[in-house]
Every structure is written in C-alpha cells, then in structure tokens.
Amino acid sequence: GSEMCKETGPELLGDYLQHHLLTWAPHFLALMQNAAADAFFTGLAALTRSTLLGIQDALSLDVIEPRFYR
C-alpha cells in the first residue's frame with residue numbers, strides 16, 4: 001500500500017545513488033572494463049560506468065568514495 005510507496009519512491013533515488021550505488025559501482029565497473037576479455041563486457045562496463053557518472057553529474061550528487069584496496 002502507501003507505506004511501500006514511501007520506501008521505494010523515486011524521490012529516494014538520489015540518496016540511494018549518492019550513499020550506496022555510486023560509492024562503489026564506478027570503481028567496480030572500471031576494474032571490470034580493464035579485466036574483461038570480451039569486447040561486449042568491456043563495452044557494457046564502460047557504458048554503464050559512463051551512464052552512472054552522467055546521472056551523478058546531472059543530479060549534482062557529491063559522492064564520497066571509500067578507500068579501495070584493489
């Protein structure tokens with residue numbers, strides 16, 4: 001019902017991207033792009049990363065990236 005809409009509403013997208021997905025996904029996708037042996041997966045990683053970073057820029061999200069050990 002209405003409670004579900006409050007938890008999954010589109011107004012929460014920016015918060016989810018800023019504090020969750022964008023903190024790790026661009027890094028992971030860059031690693032995937034460099035490690036992929038197949039052109040399809042290289043392109044998929046590059047396109048997905050570019051799309052996410054474009055959304056971050058369009059929404060003016062300030063993402064704090066954690067320290068990665070790889």
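Where a number appears in this text, it was derived from the coordinates with a stated rule and is not lab data. As the structure is a prediction and not an experimental result, all values here were calculated from the model.
Points worth noting:
- Residue separation of Leu44 and Phe68 scaled by 0.36 nm, minus their Cα-Cα distance, works out to 6.4 nm of gained length.
- Helix axis angle, 22-35 relative to the chain longest principal axis, alpha carbon, degrees: 20
- Dividing the convex hull volume of the alpha carbon atoms of the chain by its residue count gives 107 Å³ per residue.
- Degrees separating the helix 39-58 axis from the principal Cα axis of the chain, which is the longest one: 40
- In the chain, the calculated helix contribution to ellipticity at 222 nm averages -19500 deg cm²/dmol per residue, counting -39,500 (n - 2.57) for every DSSP H run with n ≥ 4.
- Normalised by the number of residues in the chain, the mean separation of alpha-carbon contacts (under 8 Å, six or more apart) gives a relative contact order of 38 percent.
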